[in-house]
1. Here is a check on your reading of the model: is residue 131 farther than 29 Å from residue 205 by Cα and either surrounded by 14 or more Cβ atoms within 10 Å (Cβ to Cβ) or at pLDDT below 90 (or both)?
2. Any residue at all in segment 238-251 that is closer than 28 Å to residue 57 by Cα, modelled with pLDDT under 75, assigned to a loop (DSSP other than H, G, I, E, B) and not assigned by TED's automatic domain parsing to the domain that holds residue 147?
3. Modelled with pLDDT of 75 or more, within 23 Å of residue 55 (Cα to Cα) and of a type in the set (S, T, N, Q): which single residue out of 150, 183, 154 fits that description?
4. I'm trying to understand the selection: among the residues of segment 41-91, which are outside any helix (DSSP H, G or I), surrounded by 14 or more Cβ atoms within 10 Å (Cβ to Cβ) and modelled with pLDDT of 90 or more?
5. Scanning segment 92-116 for residues that are surrounded by fewer than 14 Cβ atoms within 10 Å (Cβ to Cβ) and assigned to a helix (DSSP H, G or I), which turns out nearest to the chain's Cα centre (by Cα)?
6. Mind checking whether some residue in segment 52-68 is among the aliphatic types (A, V, I, L, M) and closer than 30 Å to residue 105 by Cα?
7. From 17, 47, 38, grab the single residue that is farther than 25 Å from residue 92 by Cα and under 24 Å from the mean Cα position of the chain (by Cα).
Amino acid sequence: TREGLVGLLLAVTAWAGGYVGYLLVPGERLKVAFYIAGFVAALLAVGAWLYFCAAYTGRSPRRAPHRWAVAGVFFATSALKVTNPLHNLYFTAAWTTEPFPHLAIRHELLYWVVLGVSYAIVAVGFYMLLEQFYYTGADSRPLVVLAGMTAVPTVATLVGGELPWLLPLLYEPPGVALFALGTLFVYFRRFEAIQFAAESDDAAVFLDQAGRIRDYNRAARLLFPSLEGSVGKPFDTVLPHLAIDRGGDDVIEVDLGGSDDLR
């Protein structure tokens, strides 16, 4: 999972770098070359996002059906982007002085088709993550906020061609970078705990080194209602009947409300 996030961050960096080069380098050919490089990196970022989401939610990307067909579509689409100067199906470029002197990009039909498909793929990734967050039952609110902020720049992308002061670029890189950095360096433990909890239907409670409750999954909350809102509290006070030596290998049995089952 960490490797997937790093790959996503690298793809987004290349994506943003291509657009920065388009704005800064002199000459039409160089500008178009950097713009196309950013275009291809954007497609790579979409693939990296789906790969990461699938791996995080336990869906092995390497075992996905038709993966070679997907790879073929990726390379064919990248080839169409790279050869755009020959057919202009993606975009056309012309110099303009409004709102400042620059090489203006006008997107054509193929651009909008690929953009729509890309957004659909990204939405599938979001669905995978939100489904994982919901069914684990752990406190995933910070991660949901991060994921939501990733989608905010999409508005700028969609209206970029309609506002005279906003260049028609893809503005998603800052949002994706924020998500990747936030999960890697700020909320990685929570992100990791949610992934671990989702791998099993069994109840799971996560403790820190001091014995305080750090998180728990949905199965644990249903089994022990007193866990609700217990994050940060000592485990021994929330569930005193389960208090054991955490350094030992004790096995405990819990009577489930008078049923014949013991766990």
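1. The answer is no for residue 131.
2. For segment 238-251, residues closer than 28 Å to residue 57 by Cα, modelled with pLDDT under 75, assigned to a loop (DSSP other than H, G, I, E, B) and not assigned by TED's automatic domain parsing to the domain that holds residue 147: absent.
3. 150
4. 89, 90, 91 - these are the residues of segment 41-91 that are outside any helix (DSSP H, G or I), surrounded by 14 or more Cβ atoms within 10 Å (Cβ to Cβ) and modelled with pLDDT of 90 or more.
5. 116
6. Checked against the condition, which is being among the aliphatic types (A, V, I, L, M) and closer than 30 Å to residue 105 by Cα, segment 52-68 yields no hits at all.
7. Answer to the check: 47.
The values are calculated or read from the model by the stated rules, or taken from the named source; none is laboratory data. Not measured: the values here are computed from a predicted model. Neighbour counts run over all protein chains shown; Cβ positions are idealised from the backbone, glycine included.
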